[in-house]
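Student: Got a structure here, written out as structure tokens. Questions coming.
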Amino acid sequence: MTTVMPVGARDLAIETAKDAGAILRERLELDRTIDFKGAIDLVTDADRASEELVGTRITTAFPEHQFVGEESMFISGDTPAGSESYTWLVDPLDGTTNYAHRYPHFAVSIALEHAGQVILGVVYDPMRDELFVSERGAGATLNGAPISVSAIDNVERALLGTGFAYDPDARTENARIWNGFLSLCQGVRRDGSAALNLCYVACGRLDGFWERPLNAWDLAAGSLMVEEAGGVVTGFDGTPFGPYRREIVCANGLLFAELSREISRLSNEHG
Ligand code: IPD
Ligand code: CA
Ligand code: CA
């Protein structure tokens, strides 16, 4: 099947991510409302304001497309994985816990999926003014300059990233993997934004990343960034990645096999 990028989609996603990011940046130091979606899963007024802007722009420009935003304000229809329609997968604020504490590390993530594949990914970090863009078959860029994954070829020399989901059982499982890597690699970072973690793998600041469970809006844009920057992206079992898989392991191609093997070993060790 030929994938056709809808006319104007790339420019709209870029402009919208930057404008939504500006909302987040402007509101960071202001008073905010914080609601709880779960025991530790937060949503702030800024998440909602960002999604309002992104959802309005995209559903107005492409009323025939599906739109799935984390805060659900614009969800239309069921997740059409593998269908021929276009679906926008949007995290209006990835890094909400950071944001709620005014820890300045978060992003807006916008992706377009077609026939089960991400074809466009845009991630914007408003605090560093860093814009990551990827288009299937056309590479990945940071502020317009091409990016590529690192060349670190063994876990011992790698700086890795992960994240911890809001679910306590998933946290316990990932703590085992995290503990294992503490003595195996140069360092493990957990800085609260999966979308930025994936962009950091794409531009070589991190050598590899893993996390589960995640949602399509966390993963979609960043996963394409890694692929288009020359990295390898799969599920935990090494089978092909898809935006609705809810898990990811990725790294540069030299490191991937060793990283993936260690993750399987550590997750099965006491499981
Ligand atoms: C979270 C962040 C975090 C990851 C969590 C996600 P949110 O997204 O990406 O890094 O570890 O699993 O849910 O809630 O800040 O949009
Ligand atoms: Ca998220
Ligand atoms: Ca979010």
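The values are calculated or read from the model by the stated rules, or taken from the named source; none is laboratory data. Quantities reported herein were computed from a predicted structural model and do not represent experimental measurements. All Cβ positions, even for glycine, are placed from backbone atoms using ideal geometry, and neighbour counts span all protein chains on display.
Student: Just a yes or no: is a residue in segment 241-252 touching a helix residue (DSSP H, G or I) at 6+ places or on another chain (Cβ under 7 Å) and over 21 Å from Ile177 (Cα atoms)?
Tutor: Taking segment 241-252 as the starting set, the residues that turn out to be touching a helix residue (DSSP H, G or I) at 6+ places or on another chain (Cβ under 7 Å) are 241, 243-244, 248-251.
With over 21 Å from Ile177 (Cα atoms) added as a condition, the list becomes 243-244.
Checked against the condition, which is being touching a helix residue (DSSP H, G or I) at 6+ places or on another chain (Cβ under 7 Å) and over 21 Å from Ile177 (Cα atoms), segment 241-252 yields at least one hit.
Student: Within 26 Å of Asn268 (Cα to Cα) and at pLDDT 95 or above: does that describe Gly161?
Tutor: yes
Student: Identify all residues within segment 236-258 that are within 16 Å of ligand 1 (Cβ to nearest atom) and either crowded, with 23+ Cβ neighbours inside 10 Å or on the phi < 0 side of the Ramachandran plot (or both); write none if there are none. Steps first, please.
Tutor: Let us first name the residues in segment 236-258 that are within 16 Å of ligand 1 (Cβ to nearest atom), namely 236, 243-250.
Selection gives Phe236, Pro243, Tyr244, Arg245, Glu247, Ile248, Val249, Cys250.
Student: Tell me, which strands (runs of 3 or more DSSP E) lie completely within segment 106-208 with 3 or more residues that are crowded, with 17+ Cβ neighbours inside 10 Å? Show your work before the answer.
Tutor: Values: elements: 107-114, 117-125, 130-135, 140-142, 159-162, 187-189.
Result: 107-114, 117-125, 130-135, 140-142, 159-162.
Student: Right, here's the next one. Can you pull out the residues in segment 72-116 that are within 15 Å of ligand 2 (Cβ to nearest atom) and modelled with pLDDT under 90?
Tutor: Ser72
Student: Quickly run through segment 168-210 and pick out the residues that are closer than 21 Å to Leu254 by Cβ and of a type in the set (D, E, K, R).
Tutor: Arg189, Arg205, Asp207
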